[in-house]
Amino acid sequence: MRKAARWRAINSAMPNGFNGVIDSFLKRQVLAVQEFTVLFITSIRCVFTNPRYLTDTLVPMDIIGFGSLPIVLLTGFFTGAVLALQTYRTLLRFGEVGLLGQAVSVSIVRELGPVLTALMVAGRVSSGIASEIGSMLVSEQIDAMRALGTDPLRKLVAPRFFATFLTLPLLTVLADFFGMLGGYFVSSTTAHLNGEQYWTSVYQALDFSDVTQGLTKPFFFAIVVALVGCYFGLHTSGGTEGVGRSTTQAMVVASVLILVLAFRPTGILRTRVSERA
């Protein structure tokens with residue numbers, strides 16, 4: 001009885017009651033989805049219509065592409081090395097060490113390469129975009145841009161969206177290659193496989209569907225990485241404190257959405273080594 005009375009007191013203390021809080025929360029989430037969809041459609045329209053800002057596109061491509069290259073390559077290399085090391089211990093029990101190249105290549109190309117690359121880029125790029133645009137918003141630079149007749153979405157959002165859309169798949173390809181290099185390093189030093197055995201196994205394991213899936217995901221991840229950062233940057237409020245909050249939210253939301261998009265109904269990662277043995 002005391003718990004029920006306490007719950008009624010808390011509910012009555014709220015402005016619109018507990019149900020009102022739930023309703024307002026759901027409305028905010030629906031509104032956020034609508035605004036994000038509008039931002040996505042507007043960005044695509046700006047990419048294919050004039051005027052275009054070439055310099056504002058090339059600079060983010062350099063920042064996103066070459067700036068993210070070291071962390072992406074390191075992540076890919078050590079991911080492949082760790083994956084090969086753990087897989088080697090399992091395959092050694094069954095005397096199938098020769099399948100090590102298949103396990104590494106399929107896992108890296110299909111799942112781990114695109115997902116980990118997108119997560120690394122999201123931690124660096126989404127937060128950076130949100131911080132940059134949020135700082136411009138709180139310092140009223142975006143208002144000045146509108147006053148001068150420049151569309152902020154065309155000037156700020158579309159170039160970053162297009163730059164990420166182009167560079168993230170290329171970064172994924174490089175991360176996949178360095179991941180297989182990491183696997184080769186472990187296979188040659190620990191599993192004692194020669195280069196011909198390893199790379200022949202890698203080549204024979206990959207088929208068209210593996211490569212297609214591995215190269216399709218980065219385009220969807222790029223949309224999330226770029227537009228989530230732009231969305232939270234454009235919705236920054238509360239001065240410099242709000243900029244920090246938007247930066248954190250952009251990184252967290254982008255990472256979660258990447259993991260959600262990477263999920264498939266099969267759930268568990270399939271290396272398909274047994275299917276091709």
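The values are calculated or read from the model by the stated rules, or taken from the named source; none is laboratory data. Everything numeric in this text was worked out from a predicted model, so none of it was measured. Don't worry about glycine lacking a Cβ; one is built from the backbone with ideal geometry, like all the others, and counts go over all protein chains shown. Side chains included, ligands, DNA and RNA excluded: accessible areas come from the protein's heavy atoms. Shrake-Rupley method; radii C 1.70, N 1.55, O 1.52, S 1.80 Å.
Restricting region 60-92 to residues that are at pLDDT below 85 and β-branched (Val, Ile, Thr), the residue that is most open to solvent (accessible area, probe 1.4 Å) is 90.
I'd like to check something: does region 246-263 contain any residue that is closer than 28 Å to residue 64 by Cα and at pLDDT below 85? Yes: region 246-263 contains one or more residues that are closer than 28 Å to residue 64 by Cα and at pLDDT below 85.
For region 118-141, the set of residues classified as more than 24 Å from residue 69 (Cβ to Cβ) and surrounded by fewer than 20 Cβ atoms within 10 Å (Cβ to Cβ) consists of 135, 138, 139, 140, 141, listed by residue number. Residues in region 146-198 that are modelled with pLDDT of 85 or more and open to solvent by 20 Å² or more (accessible area, probe 1.4 Å): 13 in all.
Can you find even one residue in region 159-179 that is under 25 Å from the mean Cα position of the chain (by Cα) and over 26 Å from residue 262 (Cβ atoms)? Yes: region 159-179 contains one or more residues that are under 25 Å from the mean Cα position of the chain (by Cα) and over 26 Å from residue 262 (Cβ atoms). Applying the criterion of at least 3 residues that are within 18 Å of the chain's Cα centre (by Cα) and of a type outside the set (S, T, N, Q) to the helices (runs of 4 or more DSSP H) found wholly in region 195-267 leaves 208-234, 239-262.
In region 1-24, the qualifying residues are those that are loosely packed, with under 10 Cβ neighbours inside 10 Å and assigned to a helix (DSSP H, G or I), and the one that is modelled with the lowest pLDDT is 3.
Restricting 232, 221 to those that are buried (at least 24 other Cβ atoms within 10 Å of the Cβ), farther than 16 Å from residue 85 by Cβ, modelled with pLDDT of 90 or more and of a type in the set (Phe, Trp, Tyr) reduces the list to 221. Restricting 80, 67 to those that are of a type in the set (Gly, Ala, Ser) and within 18 Å of residue 206 (Cβ to Cβ) reduces the list to 80.
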